[in-house]
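I have placed the structure first, in the form of structure tokens, so that the comments after it can refer back to it.
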Amino acid sequence: MHQSRRRDRRPARRRPSEPVRRQVCPLPVADADVVLVGCFSAKQKDFETVMASAAAELAARGARVVARIVQRRGVSDGGVRKTGLPFSSRTLLRYGKVREVAQVCDRAGADAVIFVTALTERQRRTLTELLGRPAVSLSDAFAADHRRHH
């Protein structure tokens, strides 16, 4: 008879991971056609002001905002209990809204999608893949633009 093999229960040794370097917008904001996307809770009443301010800041840096899309959280489907949470940890938006953003980008010929809210590295990668163009947060786009000019 054969003996059952005993597995070594010690955790595998892993090489220390290199520090994660955040990627920034791969194209300059200046002279780019961008779609501006905002994700806001139902509690935030001034979302239109925030979007207008972001669009004005992008325009001041030479970008052309070809479309604005807003995703509201807590307006329906779960109401107030879920207002602070993103729709998806992978994309920040609902799947239907991601499709809508992709269609708007294709119709407008947008170079990039800029989110008013911060994106994690995973969200940035996933959205860039799903939308077929760079997807970055507003702060990352401004940081990349600032580095190019200095």
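The values are calculated or read from the model by the stated rules, or taken from the named source; none is laboratory data. Given the structure is predicted, the values throughout are model-derived calculations rather than measurements. Positions of Cβ are generated from backbone atoms using ideal geometry, with glycine treated the same way; all protein chains shown enter the neighbour counts.
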I need every pair where a residue in the range 22-46 that is at positive phi has its Cβ under 9 Å from the Cβ of a residue that is modelled with pLDDT of 90 or more, sequence separation at least 6 or different chains. Asp31/Gly62; Asp31/Ala63; Asp31/Arg64; Asp31/Asp111
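I'm checking my understanding of the structure. Among residues of the range 92-113 that are assigned to a loop (DSSP other than H, G, I, E, B) and aliphatic (A, V, I, L, M), which one is farthest from the chain's Cα centre (by Cα)? Spell out how you get there, then give the answer.
Just the residues of the range 92-113 that are assigned to a loop (DSSP other than H, G, I, E, B), to begin with: 92-94, 109-111.
Then drop every residue that is not aliphatic (A, V, I, L, M), which leaves 92-93, 110.
Working: Leu92: 7, Leu93: 9, Ala110: 15 Å.
Taking the candidates together, the pick is Ala110.
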Identify, please: which residue in the range 88-110 is closer than 19 Å to Leu138 by Cβ and either aromatic (Phe, Trp, Tyr) or in contact with a helix residue (DSSP H, G or I) (Cβ under 9 Å, 6 or more places away or on another chain) (or both) and is, among those, modelled with the lowest pLDDT? Thr91
Members of the range 114-134 that are polar (S, T, N, Q), part of a helix (DSSP H, G or I) and in contact (Cβ under 8 Å) with a residue 12 or more places away in the chain: Gln123, Thr126
